[in-house]
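Input: a single structure, listed below in structure tokens.
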Amino acid sequence: MEVQRMEKVSCIELTPANMADYGVCGYKDAQKHKELREKINWYERYYPKGLRIKALMVSGSNQGMIEYIPGRYAHRPVLAEAYLFIHCLFVGFKKEYKGRGYASLLLETCIQEARDQHLAGVAVVTRKGSFMADAAIFLKHGFEVVDKAAPDFSLLALTFDEKTERPSFRKEVLTDLSAYQEGLTIMRSVQCPYTEKNVHAIMDSAINTHHLETRLIDLNTADAAQHNPSPFGSFCLIYKGKVISYHPISQTRFETIIQSIK
């Protein structure tokens, strides 16, 4: 499928077969990047369930993307089964492509698809800062804040039918850390390819430098991601029962955090 707004700008639907041709999240070489290979394998599993990624192509260059999935398969700790759920919305690997309305183009394709599927609406988790889209673009398109989670996450929804129950965070998942009281727990999903490299560097540092009891939990299903105590869904770093990072971080950042709390 291709949606055109003007010459040389198009929204291309990625498939498991063509993802390696276009790349995703800045990764372009499947032979070189394990991150891309894992993303393709994950996409192949969830594509039949309704997962879609649309790439923004500007003059033949991939400059953004939107990723969304039926709410029952959302890789976030949310209840949003009647909604189409956005995992990622990003535009502008090059700064000159920001602020041109391209994010709206991608978002509009998702909203229209939700309408075509007769769903209740579209939902998304937002946060200021890295790795998540800011709420502003969604508020501009009629979304409203329907729930919040610590420390600074918001769940937004665009609801087509006012009678439909609004999405919500899984509060019991976000607040119950009783299973993670010992040592360091790293949770990650290949949904976010940025977790791959840094996770192994963090594990090496935790085990060999800081001599911490360390375990890695692969969130390899939607249900597992929905039971992640971080609203980010695809990553969480927990030390002795406390979340010390809600989103992917570098090994250097991990060193700074762990030295301050040990």
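The values are calculated or read from the model by the stated rules, or taken from the named source; none is laboratory data. From a predicted model like this one, the values you see are computed outputs, not experimental measurements. Quick reminder, even Gly has a Cβ in these numbers, built from the backbone with ideal geometry, and neighbours come from all protein chains shown.
Okay, residues lined up against (1) under 19 Å from THR159 (Cβ atoms); (2) modelled with pLDDT of 95 or more:
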{"residue": "ASN41", "(1), (2)": "no, no"}
{"residue": "GLU44", "(1), (2)": "no, yes"}
{"residue": "TYR47", "(1), (2)": "no, yes"}
{"residue": "GLY60", "(1), (2)": "no, no"}
{"residue": "MET65", "(1), (2)": "no, no"}
{"residue": "ILE69", "(1), (2)": "yes, yes"}
{"residue": "PRO77", "(1), (2)": "no, yes"}
{"residue": "PHE85", "(1), (2)": "yes, yes"}
{"residue": "VAL91", "(1), (2)": "no, no"}
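Would you please name the residue that is surrounded by the most Cβ atoms within 10 Å (Cβ to Cβ), looking only at residues in region 141-166 that are farther than 14 Å from ALA80 by Cβ and basic (Lys, Arg)?
Here the residue is LYS148.
Considering only residues of region 182-209 that are among the polar types (S, T, N, Q) and closer than 21 Å to ILE261 by Cβ, which is surrounded by the most Cβ atoms within 10 Å (Cβ to Cβ)? Walk me through how you get there before you give the answer.
Initial filter on region 182-209 (among the polar types (S, T, N, Q)): 185, 189, 191, 195, 198, 205, 208-209.
From the residues that got through so far, the ones that are closer than 21 Å to ILE261 by Cβ too are 185, 198, 205, 208-209.
On the way: THR185: 22, ASN198: 19, SER205: 18, ASN208: 10, THR209: 11.
Ranking the candidates gives THR185 first.
Please state which one of ALA201, ALA179 is outside the structural domain of GLU44 (by TED's automatic domain parsing), part of a helix (DSSP H, G or I), modelled with pLDDT of 95 or more and more than 15 Å from LEU89 (Cα to Cα).
ALA179
Applying the selection to region 11-36, what residues are assigned to a helix (DSSP H, G or I) and either at pLDDT below 80 or out of contact with any helix residue (DSSP H, G or I) (no Cβ under 9 Å at 6 or more places or on another chain) (or both)?
Selection gives ASP21, TYR22.
Could you look through region 240-253, keep only residues that are free of Cβ contacts under 8 Å to residues at least 24 places away in the same chain and of a type outside the set (A, V, I, L, M, F, W, C), and pick out the one that is farthest from PHE169 (Cα to Cα)?
Residue satisfying both the conditions and the ranking: THR252.
Can you find a residue that is in contact (Cβ under 8 Å) with a residue 24 or more places away in the chain, surrounded by fewer than 14 Cβ atoms within 10 Å (Cβ to Cβ) and at negative phi anywhere in region 219-239?
Within region 219-239, none of the residues are in contact (Cβ under 8 Å) with a residue 24 or more places away in the chain, surrounded by fewer than 14 Cβ atoms within 10 Å (Cβ to Cβ) and at negative phi.
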